[in-house]
Amino acid sequence: MKEIIQKDFEIYFGSDVLEKLAEILINKEYSKVFVLVDNNTKNYCWPILSPYLVNFQLIEIESGENHKNLHNAEKIWTRLQQFQADKHAVIINLGGGVISDLGGFVAATYKRGIDFINIPTTLLGMVDASIGGKLGIDLHALKNAVGVIKNPKYIFIDPIFLNTLPVNERRNGLAEVCKHALIDDKSLFEKLLHIEEKENLDALLFQSIKIKVKIVKKDPFEKDLRKSLNFGHTVGHAIETFSLKNDSNPLKHGEAIAIGMICEAYMSAAIQGLTSSELKSICKYFLNRFPKYKGKLPENELIEYMRNDKKNEEGFINFTLLKKIGKAKINCHCHDELIIKSLAFYKNL
Ligand SMILES: NC(=O)c1ccc[n+]([C@@H]2O[C@H](COP(=O)([O-])OP(=O)(O)OC[C@H]3O[C@@H](n4cnc5c(N)ncnc54)[C@H](O)[C@@H]3O)[C@@H](O)[C@H]2O)c1
Ligand SMILES: [Zn+2]
């Protein structure tokens, strides 16, 4: 078992972390243990976790981003109340980013805050969503519009849960692993270039997790360094929003930011000194793994979405670009023409 021990949270990684969880639950003497699942994690992941728990109350919601909402937050608060959860109760979030964002938000606000524990079951959850303390829900169509920042007490990451994860969800998470490599660790990127789709990822996962922890530890409230995690996300979020509105089978987050990373790598080559061979290998990585997006990429509409991005300051669209593979540059601005050229670059690949 590998561990990362911080002042306000602890991460355990490996195939024996659930034993560690059982030990901690006994020692902590929580008054009640609640486990939040969605219908998929109840089917696939709960049978793996349940032997390690004794007294618990299961709370189930439907899976999917459109269930990360106030209605479900209220449903969970109500269940906690019905079962007389007090300040010493704990919520275990067993699921992907939807479950950890929602369950964490509910825990952080119930009776002004009870402990919560994340057991991420998607790749994206393991390397990204379960770490860093950003919690929240969507408000109507606005993603993550209401939320708080608070860390879980513990994060238990057991790659066993990935065995049942669909291929497209695995790819989704790999896009964020690759983002971590591009902003911070060239050697990780080189390893990623050579792994096969079904290969065991454990070592790479832990490397990726360490990058996220290092960044959020130095800048928990996104004043500067944490912005480097936004690489690919300015263009990517705009494409994700467009696709959600227009496509019958919309792009997933990882698919949208993969396109965003190609466009922003192009911009990095134009104004930040990323070399053309680095740009080429970034394009190669994503094009080999993600199907090319067939939908339209209407420049003006996408730029409009970018202008409404909550990361912007002083009226400028805020980009995180790359100086080279492994080195990000935050707070970059660029002309609309370059954004348009980057979208055309992707279309013509
Ligand atoms: N808080 C953060 O810092 C942060 C960072 C990135 C993303 N997010 C949020 O995370 C969410 C996306 O996370 P996600 O991609 O994990 O989505 P998700 O939680 O919706 O999970 C994806 C799908 O996989 C299913 N699933 C989960 N584990 C499974 C398993 N082991 N086997 C089979 N199926 C399984 C789920 O039921 C769901 O259908 C978004 O809401 C996003 O805003 C948050
Ligand atoms: Zn992301």
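The values are calculated or read from the model by the stated rules, or taken from the named source; none is laboratory data. Everything numeric here is computed off the predicted structure, so don't read it as measured data. With ideal geometry, Cβ positions are generated from the backbone for all residues, glycine too; neighbour counts draw on all protein chains shown.
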### Query
Out of all the residues in the range 116-139, is one or more closer than 21 Å to residue 240 by Cα, loosely packed, with under 15 Cβ neighbours inside 10 Å and over 15 Å from the mean Cα position of the chain (by Cα)?
yes
#### Entry: Selection from the range 214-223 of residues that are part of a helix (DSSP H, G or I) and either more than 16 Å from ligand 2 (Cβ to nearest atom) or under 18 Å from residue 291 (Cβ atoms) (or both)
214, 217, 218
#### Entry: Answer residue from the range 148-176, given it is over 22 Å from residue 10 (Cβ atoms) and of a type in the set (A, V, I, L, M, F, W, C) and is nearest to ligand 2 (Cβ to nearest atom) among those
175
#### Entry: Pairs with Cβ under 8 Å, 6+ apart, first in the range 91-116 and not assigned by TED's automatic domain parsing to the domain that holds residue 173 and more than 16 Å from ligand 2 (Cβ to nearest atom), second among the polar types (S, T, N, Q) and assigned to a helix (DSSP H, G or I)
93/100; 94/41; 95/40; 95/41; 99/41; 102/72
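The rows are residues; the columns are (1) closer than 16 Å to residue 176 by Cα; (2) in contact with a Cys (Cβ under 8 Å, 6 or more places away or on another chain).
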site	(1), (2)
241	no, no
266	no, no
272	no, yes
289	yes, no
292	no, no
#### Entry: Only listed residue being without any contact (Cβ under 8 Å) to a residue 60 or more places away in the chain and within 16 Å of ligand 2 (Cβ to nearest atom), chosen from 240, 190
240
#### Entry: Test set (1) on the phi < 0 side of the Ramachandran plot; (2) part of a loop (DSSP other than H, G, I, E, B); (3) surrounded by fewer than 17 Cβ atoms within 10 Å (Cβ to Cβ) - residue 84 fails condition number
(1)
## Note on the structure
Just one listed residue, out of 70, 36, 53, 49, is free of Cβ contacts under 8 Å to residues at least 40 places away in the same chain and either more than 10 Å from ligand 1 (Cβ to nearest atom) or crowded, with 18+ Cβ neighbours inside 10 Å (or both), and it is 53
### Message
Conditions first: (1) away from ligand 2 (no atom under 13 Å from the Cβ); (2) surrounded by fewer than 21 Cβ atoms within 10 Å (Cβ to Cβ); (3) modelled with pLDDT of 95 or more. Residue 226 passes all but one, so which condition is the exception?
### Response
(1)
### Query
Is one or more of the residues making up the range 311-322 aliphatic (A, V, I, L, M), part of a strand (DSSP E or B) and surrounded by 13 or more Cβ atoms within 10 Å (Cβ to Cβ)?
yes
